[in-house]
Amino acid sequence: MAPSLSLFVYTLLVVGTAVAIILLSHFLGKRPLTDEKTIPYECGMDPLDTRKHRFSIKYYIVALLFVIFDVEIVFIYLWAISVRDMGLFGLLEMFIFVGILLVAFVYAWIKGGLTWES
Amino acid sequence: MNFIAPNVNIISVMPEILLLLSGTALLFFRNCAGQGKAIPGIASAAIILQGLMIPTLWGNNIAGFNSLIVRDNFSILFQTMVGATALLAVAFSHYYLKQRKVSEGEYYALILYAVVGMNVMIAGRDLLVIFLGMEILSLSLYVLVGFFRDINESMEATVKYFLLGAFSSALFLLGIAFFFGALGATGIDNVTTAIEQSGFNIMLLMMAAALLCTGLGFKIASVPFHMWAPDTYEGAPISVASLLSVAPKIAAFAVLLRIVLAVSPATSQVTSYTIIAMAVASMIIGNITALRQTGLIRMLAYSGIAQVGFMLIGLLSPEQEGGPALMFYLSMYILMNMGAFGVAIVFSMVEGKRLLINDLSGIAAHRPFLSLAMSIFMISLAGIPPTAGFFAKFYIFKTAIEAGYLWIVVVAVIMTVVSLYYYFRVIMVMYMSEASDKLSTVSGDVTVIAVLLGVLAFATILFGIMPGSIIGIISKALAFM
Amino acid sequence: MIVNIIGELLKIIIIFSVIMGIVAYMTLMERRFLGFFQLRLGPNRVGPGGLLQPIADGIKLLFKEDMTVLHARSFYFILAPIISFVAVLLCFAVIPFSGTMYITDLSVAVLYLMAISSAGVYGVLLGGWSSNNKYSTLGAYRAAAQMISYEIPMALALAGVLILSGSMSLVDIVNAQKGLWYIVMQPVGFLIFFIAVSAETNRTPFDFLECENELVAGYQTEYSSMKFGMFYMAEYAHILLASCLITVFFLGGWNGPVLPALVWFFAKVFAVFFLFVWIRATYPRLRYDQLMAFSWKFLLPLAFLNLMISAVLVVALH
């Protein structure tokens, strides 16, 4: 069987199992007896506000940095498996590439993008 | 597995590497005491150095990165123009930022990065490389426009510019996709070979040309892609607006010229219809809207849109005289538009708010030289002899008539007459109105900026009288066409 | 032909069932081990030595009240545990348990692993966000930031392995370790990978996902019944996956003398799993800012250094 076909069958199996479990518990499980049970938990009190939370800008910065580095890792992987064949040229190229990235990294560090307490 | 190293030829991008390195060094400068002059000093030194490097490549057609980047004379000339603009913008910025006491390192670094982006756009021979340059330029400008985060107008300007800019970039990218679909490659030179073998899909190529024009039309702020320009120019720091109103246009026109030259033999009349529509609409809407403006920067923004309309006429006959005429117009546009923005910066130093045309009333009595310079720039923008603006317009109209577009020239001349009203109103307000106290006391050290403005004004008149030397250089640069 | 296909299908089903079985009994193992570490017995009442405990848990969860919180975004609320569960289990498709016992041998297996496993963040994030609960949302933000932060050092540590193996196929990587395990050649890479992977699986000392004394139970607060059960299974499947990955990348996979390949493989996997439990029983939780700083300011530069030095050495010795 082709590798992609086995993968496909396995994916079907996993997704099917997941959905089956959810459905099974849906039909087997009891319904909540009272409406109060479905109120979001907040240490026993009625919730004070809705889900319109604000969140710290730090999470956003982390996500941005993550995108930069994650995309770069895709390049690094391709380079890593062929670095033997590329020899010195590949090494230099990657040093330049990583060097540029590290400059950005150091800049983010200096600017406090990696620090959590303000 | 055999690995073949690509032909990089690092010399071909030396100027850009220099700019990148010095820009990156600037990022780490803090605005401590004593560094106030060092940062713009480094920035200008970098631009001057790369400006000196670029002409040494003159005539050599140095290619790098498997000919993705080619430094022919055409790109060298455009890059020199960009460098000159950026240098002026750095000088203006120094005076503008000094009043506002902000951290400067990032500001100048972004200007240098923008220059890198424009250089790549101009020298790129592949649409993807051009797109890369365009994005480097745009991202730097988005940040620069919103550099003063605590000013609401600035934030509004940058959000508008960013959203519309991102959208136009996407259209440009889609254009590249269509281009690839038509030709199976993204190199601009591929069109020529494809025409010879007549192996391409004409509809796809026309779609590509239209979408690419949209993306670039946004960068040059031509109607119907101009809506961002007035708000952005007005909200941005004026020093950034001066850069924004000139430099990206130069780069985008270089790309447009290349694309039109390559595509127009294949798509017959369609490209020229598009350009005619853009040119006429820009001239009419730009000039007529400018009549009603009260803000100086807003008026200059609409005047810039109108000027783009005049420049687009040069694209109608690119392989004949149109190309040189367009380049001459652009180089003169640097002088007069940067000059006008420079004067606006000097005046804005006192008045923190939006600068109105009426704020200039009676300024001539207090600031005779600045007023004289402003008058020269206005006269030149209006296109009245003996200034450079006149000859630029004359040259471009001449090429259009020779190419058989008489009616467009008639429209252009009428619109020039319309433009006299708002350009002359500035002069009239400065000389004829009662003096208001608002701007009577321009403070601060304005020596360098005054000298620069003097040089610009002098050059505006000089090249109006003797345009021959510039045209000589330009025709040499375009000799390959 | 037909026999072949049936054989392949059987193999897929067997591998899937074995994984599910191991995951179920890993919960029991962990509870019993933790019990011993804390000088108590752990669950030992259901069946001999508590062996039927996971089954009893499963049945209990199935019959629990199936609640959806008031004003929750119910579609995402149900989708989140499915994403978590599927994202982890799909990763097992490329794990070679022995020279022949694997579902598929992709040539880009490492990329596949990174892509699929990082989709698990969506499960956590959607689960917390759709719950309409402060603690859940806070926990989800924290957990997502933590997981993406540690993914980068993890991926960079793997790049060191890729330099040595020259292939992204896991079978090739294991075969390349016939002589020398990569833990010997990449000790720093192993440490980085181990730390990062424990953060990815949200194990103590990185269990900010739950953080029960600050955030009740993090993103799982509002989940009950089998939806909670699926998060729970996904968590343990993730630990099993982490143990398998460490075995494959650094401990030579199924390679070993005398004993059959499968025995070697699972012996190594359970050794690594025991290490995870040991660490959980030993270390307290970090502070959140320390956790983020550790990833960005220490692990990431270290991983870059490790990568570059490995590359230089490989090129120099080649």
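With respect to residue C:104, determine if the residue is within 9 Å of chain A (Cβ to nearest Cβ) and either more than 23 Å from the chain's Cα centre (by Cα) or at positive phi (or both).
On the way: within 9 Å of chain A (Cβ to nearest Cβ): yes; either more than 23 Å from the chain's Cα centre (by Cα) or at positive phi (or both): no.
Spelling it out, it is not the case that residue C:104 is within 9 Å of chain A (Cβ to nearest Cβ) and either more than 23 Å from the chain's Cα centre (by Cα) or at positive phi (or both).
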Residue by residue through the range B:55-76, note down the ones that are surrounded by 23 or more Cβ atoms within 10 Å (Cβ to Cβ) and in contact with a Ser or Thr (Cβ under 9 Å, 6 or more places away or on another chain).
B:69, B:71
On the phi < 0 side of the Ramachandran plot and either within 11 Å of another protein chain (Cβ to nearest Cβ) or part of a loop (DSSP other than H, G, I, E, B) (or both): does that describe residue C:242?
no
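Does residue C:26 satisfy the condition of being more than 7 Å from chain A (Cβ to nearest Cβ) and surrounded by 19 or more Cβ atoms within 10 Å (Cβ to Cβ)?
Numbers: more than 7 Å from chain A (Cβ to nearest Cβ): yes; surrounded by 19 or more Cβ atoms within 10 Å (Cβ to Cβ): yes.
Against the criterion (more than 7 Å from chain A (Cβ to nearest Cβ) and surrounded by 19 or more Cβ atoms within 10 Å (Cβ to Cβ)), residue C:26 qualifies.
Quick one: is residue C:111 facing another protein chain (nearest Cβ under 8 Å), touching a residue at least 40 places away in the same chain (Cβ under 8 Å) and either within 22 Å of residue C:17 (Cα to Cα) or not acidic (Asp, Glu) (or both)?
Details: facing another protein chain (nearest Cβ under 8 Å): yes; touching a residue at least 40 places away in the same chain (Cβ under 8 Å): yes; either within 22 Å of residue C:17 (Cα to Cα) or not acidic (Asp, Glu) (or both): yes.
Taking the combined requirement at face value, the residue satisfies it.
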Tell me, please, whether a residue that is in contact with a helix residue (DSSP H, G or I) (Cβ under 9 Å, 6 or more places away or on another chain), within 12 Å of chain A (Cβ to nearest Cβ) and at positive phi can be found in the range C:160-176.
yes
All but one of (1) modelled with pLDDT of 90 or more; (2) crowded, with 24+ Cβ neighbours inside 10 Å hold for residue C:194; state the number of the condition that does not hold.
(2)
Selection count, the range C:159-197, where residues are aliphatic (A, V, I, L, M) and within 20 Å of residue C:292 (Cα to Cα):
6
Among (1) more than 24 Å from residue B:283 (Cα to Cα); (2) small (Gly, Ala, Ser); (3) not in a helix (DSSP H, G or I), which single condition is residue B:222 missing?
(1)
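Inspect the range C:261-273 for any residue being part of a loop (DSSP other than H, G, I, E, B), modelled with pLDDT under 85, on the phi < 0 side of the Ramachandran plot and out of contact with any helix residue (DSSP H, G or I) (no Cβ under 6 Å at 6 or more places or on another chain) and give the result as yes or no.
First, the residues of the range C:261-273 that are part of a loop (DSSP other than H, G, I, E, B): none.
No: the range C:261-273 contains no residue that is part of a loop (DSSP other than H, G, I, E, B), modelled with pLDDT under 85, on the phi < 0 side of the Ramachandran plot and out of contact with any helix residue (DSSP H, G or I) (no Cβ under 6 Å at 6 or more places or on another chain).
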Only residues that are of a type in the set (A, V, I, L, M), closer than 16 Å to residue A:63 by Cα, at the interface with chain A (Cβ under 7 Å from one of its Cβ atoms) and touching a residue at least 60 places away in the same chain (Cβ under 8 Å): list them for the range C:114-156, please.
C:145, C:152
Of the conditions (1) in contact with a Ser or Thr (Cβ under 9 Å, 6 or more places away or on another chain); (2) loosely packed, with under 13 Cβ neighbours inside 10 Å, residue A:99 fails just one. Which one is it?
(1)
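Results for (1) within 26 Å of residue B:235 (Cβ to Cβ); (2) touching a residue at least 24 places away in the same chain (Cβ under 8 Å); (3) not hydrophobic (A, V, I, L, M, F, W, C), shown as yes or no for each residue.
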{"position": "B:283", "(1), (2), (3)": "yes, yes, no"}
{"position": "B:318", "(1), (2), (3)": "no, yes, yes"}
{"position": "B:333", "(1), (2), (3)": "yes, yes, yes"}
{"position": "B:336", "(1), (2), (3)": "yes, yes, no"}
The one condition in (1) within 21 Å of residue C:84 (Cα to Cα); (2) at pLDDT below 85 that residue A:53 fails to fulfil
(1)
Just to be sure before I move on: is residue B:185 aliphatic (A, V, I, L, M) and without any contact (Cβ under 8 Å) to a residue 40 or more places away in the chain in the structure I sent?
yes
In the range A:1-33, anything of a type in the set (A, V, I, L, M, F, W, C), more than 26 Å from the chain's Cα centre (by Cα), surrounded by 14 or more Cβ atoms within 10 Å (Cβ to Cβ) and closer than 21 Å to residue C:60 by Cα is listed as A:28
When every residue in the range C:72-99 that is more than 21 Å from residue C:171 (Cβ to Cβ) and of a type in the set (Ser, Thr, Tyr) is compared, the one nearest to the other protein chains (Cβ to nearest Cβ) is C:84
For residue C:180, all conditions in the list (1) more than 10 Å from chain A (Cβ to nearest Cβ); (2) under 16 Å from residue C:242 (Cα atoms); (3) free of Cβ contacts under 8 Å to residues at least 12 places away in the same chain hold save one; what is the number of the exception?
(2)
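Can you tell me how many residues within the range C:51-71 are over 18 Å from residue A:24 (Cα atoms), among the aliphatic types (A, V, I, L, M), surrounded by fewer than 22 Cβ atoms within 10 Å (Cβ to Cβ) and within 11 Å of chain A (Cβ to nearest Cβ)? I'd like the intermediate steps shown before the answer.
Our first condition is that a residue be over 18 Å from residue A:24 (Cα atoms); within the range C:51-71, this holds for C:51-53, C:69-71.
Okay, now just the ones that are also among the aliphatic types (A, V, I, L, M), so C:51-52, C:69-70.
Applying the additional criterion that residues be surrounded by fewer than 22 Cβ atoms within 10 Å (Cβ to Cβ) yields C:51-52, C:70.
If we keep only those that are within 11 Å of chain A (Cβ to nearest Cβ) too, we end up with C:70.
Residues flagged as over 18 Å from residue A:24 (Cα atoms), among the aliphatic types (A, V, I, L, M), surrounded by fewer than 22 Cβ atoms within 10 Å (Cβ to Cβ) and within 11 Å of chain A (Cβ to nearest Cβ) within the range C:51-71 amount to 1.
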Checking the structure you have, find out if any residue of the range B:117-131 is in contact with a Leu (Cβ under 8 Å, 6 or more places away or on another chain), buried (at least 22 other Cβ atoms within 10 Å of the Cβ), within 18 Å of residue B:27 (Cα to Cα) and not assigned by TED's automatic domain parsing to the domain that holds residue B:335.
yes
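Report yes if residue B:282 is in contact with a His (Cβ under 8 Å, 6 or more places away or on another chain), surrounded by 24 or more Cβ atoms within 10 Å (Cβ to Cβ) and modelled with pLDDT of 90 or more, otherwise no. Outline the logic, then answer.
Numbers: in contact with a His (Cβ under 8 Å, 6 or more places away or on another chain): yes; surrounded by 24 or more Cβ atoms within 10 Å (Cβ to Cβ): yes; modelled with pLDDT of 90 or more: yes.
It is true that residue B:282 is in contact with a His (Cβ under 8 Å, 6 or more places away or on another chain), surrounded by 24 or more Cβ atoms within 10 Å (Cβ to Cβ) and modelled with pLDDT of 90 or more.
Okay, residues lined up against (1) within 7 Å of another protein chain (Cβ to nearest Cβ); (2) in a helix (DSSP H, G or I); (3) in contact (Cβ under 8 Å) with a residue 24 or more places away in the chain; (4) within 23 Å of residue C:173 (Cα to Cα):
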{"residue": "A:70", "(1), (2), (3), (4)": "yes, yes, no, yes"}
{"residue": "A:80", "(1), (2), (3), (4)": "yes, yes, no, yes"}
{"residue": "A:101", "(1), (2), (3), (4)": "no, yes, yes, no"}
{"residue": "A:107", "(1), (2), (3), (4)": "yes, yes, no, no"}
So, in the range B:291-302, how many residues would count as being hydroxyl-bearing (Ser, Thr, Tyr) and farther than 13 Å from residue B:281 by Cα?
1
Restricting attention to the range B:181-190, does a residue exist that is within 30 Å of residue B:51 (Cα to Cα) and surrounded by fewer than 18 Cβ atoms within 10 Å (Cβ to Cβ)?
yes
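Report yes if some residue within the range C:98-120 is of a type in the set (Asp, Glu) and part of a loop (DSSP other than H, G, I, E, B); otherwise report no.
Step one: filter the range C:98-120 for residues of a type in the set (Asp, Glu), giving C:105.
Applying the additional criterion that residues be part of a loop (DSSP other than H, G, I, E, B) yields C:105.
Yes: the range C:98-120 contains one or more residues that are of a type in the set (Asp, Glu) and part of a loop (DSSP other than H, G, I, E, B).
Mind listing whichever residues of the range C:275-316 are among the aromatic types (Phe, Trp, Tyr) and within 13 Å of chain A (Cβ to nearest Cβ)? Outline the logic, then answer.
Start the filter on the range C:275-316 by keeping residues that are among the aromatic types (Phe, Trp, Tyr), which leaves C:276, C:278, C:283, C:288, C:294, C:296, C:298, C:304.
Hits for the range C:275-316 are C:288, C:294, C:296, C:298, C:304.
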With criteria (1) among the hydroxyl-bearing types (Ser, Thr, Tyr); (2) part of a helix (DSSP H, G or I); (3) in contact with an Asp or Glu (Cβ under 9 Å, 6 or more places away or on another chain), residue C:76 comes up short on (3)
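The values are calculated or read from the model by the stated rules, or taken from the named source; none is laboratory data. Since this is a predicted model, take the numbers as computed values, not measurements. Because the Cβ atoms are built from the backbone with ideal geometry, glycine has one as well, and the counts that use them run over all protein chains shown.
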